[in-house]
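All of the numbers you see were taken from the coordinates with simple rules; none came from a lab. Because the structure is a prediction, the values reported are computed rather than measured. A quick note on method: Cβ atoms are made from the backbone with ideal geometry, for glycine too, and the neighbour counts reach across all protein chains shown.
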Amino acid sequence: MNLHSIKPAKGSTHKEKRLGRGEASGKGGTSTKGNKGGQSRAGYQRKMAHEGGQMPIQRRLPKRGFKNPDRISYVVFNLSQIEQLAEKYDIKEISAANLYASGLISRTDLVKILGNGELKSKLNFKVNAVSEKARLAIEGSGGSLEIIKLKKPVVGAKS
């Protein structure tokens, strides 16, 4: 076998249709695209959610709910969970950096401590928010608490 004698398998190739090459070809005039309209033009793309003239679903259904742009969402830990995590990962300080290093939160998460459960060990906390019950339990066990304030830009302020 020589490279110059290689041919494709029989029936695997065929000539492409030559559209718009005169009426005698049988594919002239409108080039099999029908008459007028967007689909006969070059560059036509069907619009997303187009339903052929029927009222689209995003217009048929009513708007629902509200998404608050100023919402602050926290990753929440209860005191009972903190006690278990401190034993498992040998943590003396509960902070976002330590929780991230342990794989419990993502890098940008905010941490809030809630007061469900008991805290027996003396731990230091550097978190973004804490409930009143949790604050009393932390201070009662001899631990320290530091609240990290959020840097929130003032809406409408000129800089």
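A few points about this structure:
- On the principal axes of its alpha-carbon atoms, segment 74-147 has extents of 30, 22, 18 Å, going from largest to smallest.
- Phi-derived couplings, Karplus 6.51 cos²θ - 1.76 cosθ + 1.60 at θ = phi - 60°, listed residue by residue for segment 98-112: 5, 5, 5, 5, 7, x, 8, 9, 8, 4, 9, 5, 9, 10, 10 Hz, with x used for Gly and Pro.
- Its residue count N sets the reference 2.2 N^0.38 Å, and the alpha-carbon radius of gyration of segment 1-131 equals 2.40 times that reference.
- Subset of Lys112/Lys151; Lys47/Lys67; Lys10/Lys33 violating a 22 Å alpha-carbon distance limit: Lys47/Lys67; Lys10/Lys33
- Taking amide hydrogens as placed 1.01 Å from N in the peptide plane, the amide H of Leu110 sits under 5 Å from those of Val75, each at least 5 positions away in sequence or on another chain.
- Normalised contact order of the chain, rounded percent, pairs of Cα under 8 Å and 6 or more residues apart: 14
- Estimated dipole of the chain in Debye, rounded to 20 [Cβ of Lys and Arg +1, of Asp and Glu -1, Cα centre]: 1720
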